[in-house]
1. Taking amide hydrogens as modeled 1.01 Å from N in the peptide plane, which residues meet the under 5 Å criterion relative to residue 175, leaving out close sequence neighbours?
2. Quick check: at a probe of 1.4 Å, how many percent of the accessible area of the stretch 77-131 sits on carbon and sulfur atoms?
3. In the neighborhood of residue 173, defined by Cβ-to-Cβ distances under 12 Å, what is the net charge if each Lys or Arg adds +1 and each Asp or Glu adds -1?
4. With Cβ to Cβ distances under 14 Å as the rule, what net charge do the other residues near residue 24 carry (K, R +1; D, E -1)?
5. Keeping all protein chains in place and using 1.4 angstrom, which order do 186, 117 fall into by accessible surface area, from largest down?
6. Given the convex hull of the Cα atoms of the stretch 46-100, what is a quarter of its surface area in nm²?
7. Could you give the length gained by full extension between residue 57 and residue 155, i.e. 0.36 nm per residue of separation minus their alpha carbon distance, to one decimal place?
8. Which value, to two decimals, describes the C-alpha radius of gyration of the stretch 44-186 once divided by 2.2 N^0.38 Å?
Amino acid sequence: MKHFALLFFAAITLNTSAEDNPWISLFDGKSLTGWQATSEANWRVEDGAIVVDAGKKGFLLHEDAYFNYELQIDFKAAPGTNSGVFLSTQPSPKKLTEDCYELNIAPPDNPFPTGSLVARKKVEGVGESEEWRTYQIRVEGAHVAVSLAGEQILDYQGEAPSTGNRIGLQLNEGRVAFRNIRIRRL
């Protein structure tokens, strides 16, 4: 009977899909609860969004660890802004090709413009916008797929998964805002 129970539990676990896992909000729209800054920057909440536009380059890291997941996040960046969403990151990544996936938010003339994975894969033609846009991201091992406003713009397959497990919002330069940050485990 004990073996049957273990087999039953294993079968249920193997048949679990992303649709069975609930979406979890990482941002309540009112506070930075659950987030921690890695540098002195003016991270704050304005009009239901996390906003930053000055201070030392760094991250706002979420406290929870994630390995295989889907992430949805709205972002709005002023022209010329260089920012990003760090996926499966170490708190202080040393090697962008091992310690994280840096999903860039940057101008078209940047070596890795918006939608690109810095130091991994460049995306062309997305351009800048001062409007709210939505990234839909899927990270599964060494595979990262990204859609922007419902259109797939990146499909990257690495050799090994990132060594990190955190979600980070980046301040590099310029003003950027993030809202509607939701995640679900795969």
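1. 78
2. Carbon-and-sulfur percentage of accessible area, whole number: 48.
3. Working: positive: 56, 57, 175; negative: 53.
Cβ neighbours under 12 Å give a net charge of +2.
4. -2
5. Accessible-area ranking of 186, 117, largest first: 186, 117.
6. Details: hull surface 20.9 nm².
The number I arrive at for the stretch 46-100 is 5.2 nm².
7. Residue separation times 0.36 nm, minus the Cα-Cα distance, leaves 32.5 nm.
8. Details: Rg = 13.6 Å, N = 143, 2.2 N^0.38 = 14.5 Å.
Working it through for the stretch 44-186, the quotient is 0.94.
The values are calculated or read from the model by the stated rules, or taken from the named source; none is laboratory data. No experiment lies behind these values; they were computed from the predicted model shown. Glycine gets a Cβ as well: all are built from the backbone with ideal geometry, and neighbour counts include every protein chain shown. Only protein heavy atoms, including side chains, enter the accessible area calculation; ligands, DNA and RNA are left aside. Shrake-Rupley method; radii C 1.70, N 1.55, O 1.52, S 1.80 Å.
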